[in-house]
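In what follows, a structure is listed as structure tokens, so that the remarks can point back to it.
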Amino acid sequence: MRRSVFTLTLIVAAMGLTACGKKEETPAAPAAAPVASAPPAAPSVLIGLAIPETNVERWVGDAEFMKKDLEGMGYKVDVAFADGDQSKQNKQIEDMVTKGAKVIVVGSVTEAAAQAVESAKKAGVPVVSYDRLITGTDAYDYYLTFDNFKVGQLQGQAIKDALALDTAKGKHITLFAGSPTDNNARFFFDGAMDVLKPFVTSGALKICGPAPTNSADASWSKITTEGWAADKAKARMETLLSGACKAVKLDAVLAPNDTLARAVIGALEQDGKYKTLPVITGQDGELLSAKWIMEGKQTMTVFKDTRVLAKGTAEAVDSIVKGVEPVLTVKARIDTTTYNTGKKVVKSFLLEPVAVTKDNLTKELVDSGFYTAEAVAKGTK
Ligand code: BGC
């Protein structure tokens, strides 16, 4: 009896949340915390975590944090890393279905993940889209991520501030974007250009190399980095330095994440022309980039606290297993209009990213317990 009244309360609360449209917030600590109060999961329930890659540092942490949270709720957890190979990931998802997983969390590699998501749905196994929107399908209902447009805006804002674009003239920039197969890459770029485009239009900022100002522009594909591969970004930066950007002194490079930022820095250092490095953006708060930010080699990163995304996702999974609408205790904005797979708009829980420079790095990355001060100083664990 107590249980059914409680469940009803949850459903009513969830209906209230979805009824008021786009900019809803899940409370930081709701009065009736559903996950904490819900009965523990049966110990035999299996959850699958399909993680896209390990060559970008964060994903190992995502898997560890989610596994720990789910195990703490009483679940068994199966983790599989796809090494950036979608057919490998699709097989891993099929295996999870065969093993009897009740929910599968998928950080996809490409749109071809849709096939595995659809087979899982047919077998009665719901998928949660994690960090990257799985496009080309309507076979799942929830997406948990950071506000990806805001990530890009923070990068654009960092360039605007560092170059004082409101008053400066004729500053030079070159542009990099993430993998064209990753839906996030478009959001990061469009967010950055949301801040920078007015200065390109006014001439305060001049782009050397391909110059898209929106991910829908035909030339966007020329600045993307297949598979988020550092070697590809480094090679492209070398080509720019000996070609389209040779005659100018770069003031900034828009780099979409830390792995690519460091690749760009490697090419600039090798070139020898830059005694002072340009402003260089990043994302993920990776350890070596944290060290380089403290040393002034990289200007900023965007920290996305993956501990919180993992916790929110574990809570969503727990709700789905229990047959209730996910209500998270972590702070997330519910967005029901932005993330369109091409087949449907998916209900999304968006967490807040934080811009990190030398000034607030210790507060955000060390005081928060994400890294130790020693690890930041060394640039490795
Ligand atoms: C993630 C970033 C990450 C990139 C490369 C994106 O989808 O949101 O955090 O740097 O993939 O792995």
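The values are calculated or read from the model by the stated rules, or taken from the named source; none is laboratory data. Note that the coordinates shown come from a computational prediction; the quantities given were computed from them, not determined experimentally. Using ideal geometry, Cβ is built from the backbone for each residue, glycine included, and neighbour counts are taken over all protein chains shown. The protein model used for the area step is the full one, side chains on, heavy atoms only, and it has no ligands, DNA or RNA in it. Shrake-Rupley method; radii C 1.70, N 1.55, O 1.52, S 1.80 Å.
The table that follows gives values for the structure above.
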{"read-out": "Extension gain (nm, one decimal) between S44 and K381, 0.36 nm per residue minus Cα-Cα", "value": "117.9 nm"}
{"read-out": "Cβ-based net charge around G379, under 15 Å, with every Lys or Arg adding one and every Asp or Glu removing one", "value": "0"}
{"read-out": "Heavy-atom surface of the chain, accessible at 1.4 Å and reported per residue (Å²)", "value": "41"}
{"read-out": "DSSP-defined antiparallel bridges as percent of all bridges, the chain, nearest 5", "value": "25"}
{"read-out": "Carbon + sulfur, % of accessible area of the chain - ligands and nucleic acids excluded, 1.4 Å", "value": "55"}
{"read-out": "Net charge of neighbours whose Cβ lies under 15 Å from the Cβ of A204, counting Lys and Arg as +1 and Asp and Glu as -1", "value": "+2"}
{"read-out": "Axial C-alpha extent at least 27 Å, average Kyte-Doolittle at least 0.0 - helices from the chain (DSSP)", "value": "183-202"}
{"read-out": "Centre separation in Å (Cα based) which lies between the stretch 201-233 and the stretch 327-363", "value": "24"}
{"read-out": "Distance cut-off 13 Å, percentage of C-alpha pairs in the stretch 321-381 lying past it", "value": "74"}
{"read-out": "Stretch gain in nm, segment N214-E71, where the contour uses 0.36 nm per residue and the Cα spacing is subtracted", "value": "47.3 nm"}
{"read-out": "Principal axes of the stretch 144-209: Cα extent on each, largest first, Å", "value": "39, 22, 16"}
{"read-out": "Cα→Cβ-extended label distance, 7 Å offset, between A235 and N340, nm", "value": "3.5"}
{"read-out": "For the stretch 106-146, alpha-carbon Rg and Dmax in angstrom", "value": "9.2, 29"}
{"read-out": "Percentage of interatomic Cα-Cα distances in the chain larger than 30 Å", "value": "40"}
{"read-out": "Cα-based Rg and Dmax for the stretch 191-330, where Dmax is the largest Cα-Cα distance (Å)", "value": "18.6, 62"}
{"read-out": "Theoretical FRET efficiency, 1/(1+(r/R0)^6), r = Cβ-Cβ of D138 and K197, R0 35 Å, to 0.05", "value": "0.60"}
{"read-out": "Extended-chain gain in nm, criterion 0.36 nm per residue less alpha-carbon gap, E374 and K99", "value": "94.9 nm"}
{"read-out": "Counted charge near K99, where neighbours are those whose Cβ lies closer than 12 Å (Asp, Glu -1; Lys, Arg +1)", "value": "-1"}
{"read-out": "Helical mean residue ellipticity (222 nm; -39500 (n - 2.57) per DSSP H run of 4+; nearest 500) of the chain", "value": "-13000 deg cm²/dmol"}
